[in-house]
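The values are calculated or read from the model by the stated rules, or taken from the named source; none is laboratory data. No experiment lies behind these values; they were computed from the predicted model shown. Heads up, the Cβs are rebuilt from the backbone with ideal geometry, glycines too, and the neighbour counts pull from every protein chain shown. These accessible areas exclude ligands, DNA and RNA; they are computed on the full protein's heavy atoms, side chains included. Shrake-Rupley method; radii C 1.70, N 1.55, O 1.52, S 1.80 Å.
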Amino acid sequence: MHRLNAWLRRHPMVVDSAWALVVLALSLLSAADMSGSSLEFVAIALAVAVLMVFRRRNPDITVTAAVLLGLGQVALAIDPGPSSIGYLVFAYTGAAFGSPWVSRVALGAGLAAGPLTVWRFNTAEGADRSWPQILFITALMSTPFVLCWAWGRLTRVRRAYLIELEDRAARLERERDAQAKVAVAAERARIARELHDVVAHNVSVMIVQADGAAYVLDNSPQQAKEALGTIASTGRQALVEMRRLLGVLRTADTADEYVPQPGVEELPELLEQVRTAGLPVEFTTSGDPRELPRGVELTVYRIVQEALTNVRKHGGPDVRAKVEVDFRERELEVLIDDDGRGTTDEQLTAGGTDGLGHGLIGMRERVGMVSGSLDIGPRPGGGFRIRAVLPLKTAK
């Protein structure tokens, strides 16, 4: 049944032709009982039937032709018959499918149908009727046309509403797809920052250890062996983190494989790894340590990791670093100082050419995501300073 209804909606002329045949058949049956004007009666019925077939394909033309046909029938005094039902259909058609001016013509013709019919066909019979009776009959005969016009108008409004709903649904679907693409792009950017932090830190440690192993290989094989062990351990750790991050890109069914992101509690392990690579680091905390949001935890860890990586790259020989984490009531301050030679103006303004500038730029983006502030630049007396202040919710 559903398929039949869908097929009929796609082929409206089939339905209109069926109704036109019904009206024509009733008109022909009625013409058999008539004399004299039966030929004109049949001609009117045939014209109405033909117009009904094409009423939805060409509503303006068919409704206009129907109005002229009705006026001609009144002018020639051809009695109404079953074919007059078609005029009700055209009143509906003008309101539902016609242009605005055709809709107004259909309404005007429907309002005039009653007075014209009473004037042309019921003059003799209505000679003894009072004016209230005549007005009542006139209004009664115009009412079906007005009701059909109102029904057509309601159909037009409902169709426009459905089209608007479909357009809105399509627009919302496009917006949803666009938001999904934006989310994917943001996630890829986050993963790119994570990969940069992992690769830059671990590879720099491996390079330092490899240089050290090559330097002491002949004189101190044991130290070279320890350095190679550190390189292997660091490489395995980098591979684990890279597999975890890249796994997010490969499949969405990795919820069971996720591991906790590093946070403040993992800082001592990170600093020990940096010390093993040959960079002396002092670490102090102040205030009341407490559990932090995971986003803030990861931001602190990555800032310290990237800052110490930059110290090893740009600090020069015999550089020392200091990391301070201060837990305040409403904010967390992270301070990384070093006494090295610092960095260049290009690296400060553009994020640095090393690593395509993802280091300092990544710091700014991470701090901005948690609504914090970041100060980067040379410190008084020489060296370099990175200071991040991250807002915290007041503990209750």
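What to note about this one:
- Residue within the range 281-290 that is at pLDDT below 85, touching a helix residue (DSSP H, G or I) at 6+ places or on another chain (Cβ under 6 Å) and surrounded by 12 or more Cβ atoms within 10 Å (Cβ to Cβ) present: no
- The number of residues in the range 291-312 being at pLDDT 85 or above and in a loop (DSSP other than H, G, I, E, B) comes to 0.
- Test result for PRO115, surrounded by fewer than 20 Cβ atoms within 10 Å (Cβ to Cβ) and either more than 21 Å from ALA20 (Cβ to Cβ) or modelled with pLDDT of 85 or more (or both): yes
- Criterion (open to solvent by less than 70 Å² (accessible area, probe 1.4 Å) and farther than 30 Å from ALA31 by Cβ) met by exactly one of ARG104, ARG171, ARG156: ARG156
- Tally of residues being open to solvent by 30 Å² or more (accessible area, probe 1.4 Å) and among the polar types (S, T, N, Q) across the range 48-71: 2
- Of all residues in the range 130-157, none that is touching a residue at least 12 places away in the same chain (Cβ under 8 Å) and under 13 Å from PRO115 (Cα atoms) has its Cβ atom under 6 Å from the Cβ atom of a residue that is open to solvent by 60 Å² or more (accessible area, probe 1.4 Å) and of a type in the set (S, T, N, Q), 6 or more apart or on another chain.
- Subset of the range 13-39 [assigned to a helix (DSSP H, G or I) and modelled with pLDDT under 80]: SER30, ALA31, SER38, LEU39
- Pairs, first within 20 Å of ARG330 (Cβ to Cβ) in the range 358-385, second among the hydroxyl-bearing types (Ser, Thr, Tyr) and assigned to a helix (DSSP H, G or I), C-beta under 8 Å, six or more apart: ARG366/THR299; VAL367/THR299; MET369/THR299; VAL370/THR299; GLY372/THR299
- Taking the numbered list (1) closer than 30 Å to ALA213 by Cα; (2) surrounded by 20 or more Cβ atoms within 10 Å (Cβ to Cβ) in turn, LEU298 passes all entries but (1).
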